[in-house]
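The structure appears below as structure tokens.
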Amino acid sequence: MRTDKIDFLPFGLIWLVSALTLAGLAFYAQNLIALDSIRVRFVYWPNGLSFIFMLLGVSGFLVLLIWRHYHRLSLFPFAVPLALLISLIPFTKISTGEPLRWTPLEAGTEFLPAVDLAAQKLARRENRPILYYFHADWCSGCPDFERYVLGDPLLSRKMEPFIKVKMDGTDHKWAEYLKANFGVIGFPAVAIRTRDNEIIGGPQFMGLDLSRRALINALEYASDKQAPTPAPDS
């Protein structure tokens with residue numbers, strides 16, 4: 001009788017832990033769709049809440065599993081670290097893409113106006129839009145941006161028609177130039193110049209929290225937009 005009661009309790013609780021886990025996963029999926037960012041971060045309280053739900057649910061499930069099969073309390077401490085690892089899986093992102101190849105330009109890399117002019121000259125000659133990537137040596141988020149954003153396989157394919165230019169903003173003297181010409185107020189960031197010289201940029205294309213869908217839409221828009229046809233000579 002005692003064994004039956006012990007077995008019945010975990011069996012009844014399994015519905016609770018399953019509900020917690022499913023609630024966490026559903027909450028996470030909803031947040032992922034709503035935020036549509038390159039990575040899902042714990043700084044957003046809904047993501048933190050969904051992580052807690054998943055951690056509680058998976059921990060409870062593992063504890064019940066250990067109890068039902070082994071009846072050994074000494075194994076319980078191993079359930080929490082394992083549950084932590086399992087719950088972290090949805091919050092990780094691994095880039096499987098190749099590093100982006102930058103377009104060689106007939107200009108140095110230090111004087112940014114010259115870099116931009118060389119990129120525009122090449123863009124007019126080849127009738128291509130331009131993708132700018134803004135970074136700095138002191139930028140802690142730039143390596144992750146290059147890995148997760150610029151190295152994203154889908155985004156890399158969308159960037160293929162573009163002239164790809166790196167703009168080094170390490171020297172603070174370029175802050176006003178970048179803000180006035182590209183809307184860049186921090187690093188890392190990207191901006192796009194269409195064939196008719198329209199600049200698409202600003203805070204929405206800055207950092208790892210940028211919207212993946214917004215960037216894809218901007219890349220597709222710039223790829224399809226053609227330069228204006230010159231007026232015929234009268």
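Just so you know, all these numbers are worked out from the coordinates, no wet-lab data involved. Just so it is clear, the structure is predicted and the values come from calculations on it, not from any experiment. Methodologically, a virtual Cβ is constructed for each residue, glycine included, from the backbone with ideal geometry; neighbour enumeration extends over all protein chains shown.
Quick notes
- Tail weight of P(r) past 17 Å, computed on alpha-carbon pairs of the stretch 112-224, percent: 50
- Spin-label model distance (nm) - Asn127 vs Leu208, 7 Å beyond Cα toward Cβ: 4.0
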